[in-house]
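Okay, so here's the structure we're looking at.
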Amino acid sequence: MRIQSNFKMKDKNKQPSHNPGPMKHGVFCDIQRLANRSLDAIYHYSVDQRQFFFCNQRFAELFGLEDPNRRPVLAEQLLKRIHSQDREKLLNVFEGRLADSTDKGEMQYRLRRQNGDTRWLHDRWIVVRKGDSLAIEGFIRDITDEKLAVVTFLDSKQNAPIGTFIVQDDKFKYVNTVFIRIIGYTKDELLDSN
């Protein structure tokens, strides 16, 4: 007797089943559940057919898909939601990766939600080449909170009621307006000086 992966004993003389259908379906369901628990959006996009054949729950939430289980999702549906200033850049990056045989890429872009909110996304992908067909598989992370934190930090740094500065390698790398007023030099005179 031998032990199966599900810890049940099986007679070693019995021939293994050559029908992996239920197992594959079970594994697919497990992978789908795992993907739906992800904080990142996950997708598989067919370049040839211009359709998303796989996307997880987070992808559906970000892009406002009413029925996340409806497949396929057309690229045109989602491209309309990409901020107009980023849409062309994203398409050019994708097309450039496909044309020059690069197998991966990434880009940050803005997404206009149906409720009017704008979200910042970081999209990382690989290009899958199989014969003549091309696909893109990727992960998208919502980085809106990080972008807002940077803006808030820079704003507070610039508008601090006290003089602030950053020195690196014995040179000023950053000075705010209060520090400039206190020290009596211009920003250009201070930056990169000893």
Response to the item:
Looking across segment 107-155 at residues that are part of a loop (DSSP other than H, G, I, E, B) and either open to solvent by less than 70 Å² (accessible area, probe 1.4 Å) or β-branched (Val, Ile, Thr) (or both), the single one that is farthest from ILE42 (Cα to Cα) is GLY116
Item to complete: Among the residues of segment 89-106, write down those that are touching a Lys or Arg at 6+ places or on another chain (Cβ under 7 Å) and open to solvent by less than 80 Å² (accessible area, probe 1.4 Å).
Response: GLY105
Worksheet item: Does segment 50-70 include one or more residues that are in contact with an Asp or Glu (Cβ under 8 Å, 6 or more places away or on another chain) and open to solvent by 80 Å² or more (accessible area, probe 1.4 Å)?
Response: yes
Discussion item. Anything in segment 71-88 that is exposed (fewer than 13 other Cβ atoms within 10 Å of the Cβ), at pLDDT below 90 and in a loop (DSSP other than H, G, I, E, B)? List them, or say none.
Written reply: ARG71
Worksheet entry | Output for segment 156-186, where each listed residue is open to solvent by 60 Å² or more (accessible area, probe 1.4 Å) and assigned to a loop (DSSP other than H, G, I, E, B) | ASN159, PRO161, ILE162, ASP169, ASP170, GLY184, TYR185, THR186
Fill in: Hey, PHE53 touching a Ser or Thr at 6+ places or on another chain (Cβ under 8 Å), of a type outside the set (Val, Ile, Thr) and modelled with pLDDT of 75 or more or not
yes
Practice prompt. May I ask you to list the residues in segment 146-166 that are hydrophobic (A, V, I, L, M, F, W, C) and under 22 Å from THR118 (Cα atoms)?
Written response: LEU148, ALA149, VAL150, VAL151, PHE153, LEU154
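The values are calculated or read from the model by the stated rules, or taken from the named source; none is laboratory data. Note that this is a predicted model, so its numbers are computed, not measured. Reconstructed Cβ throughout: ideal geometry from the backbone, glycine too, with neighbour counts over all protein chains shown. Protein only, heavy atoms only, side chains kept; ligands, DNA and RNA dropped before computing areas. Shrake-Rupley method; radii C 1.70, N 1.55, O 1.52, S 1.80 Å.
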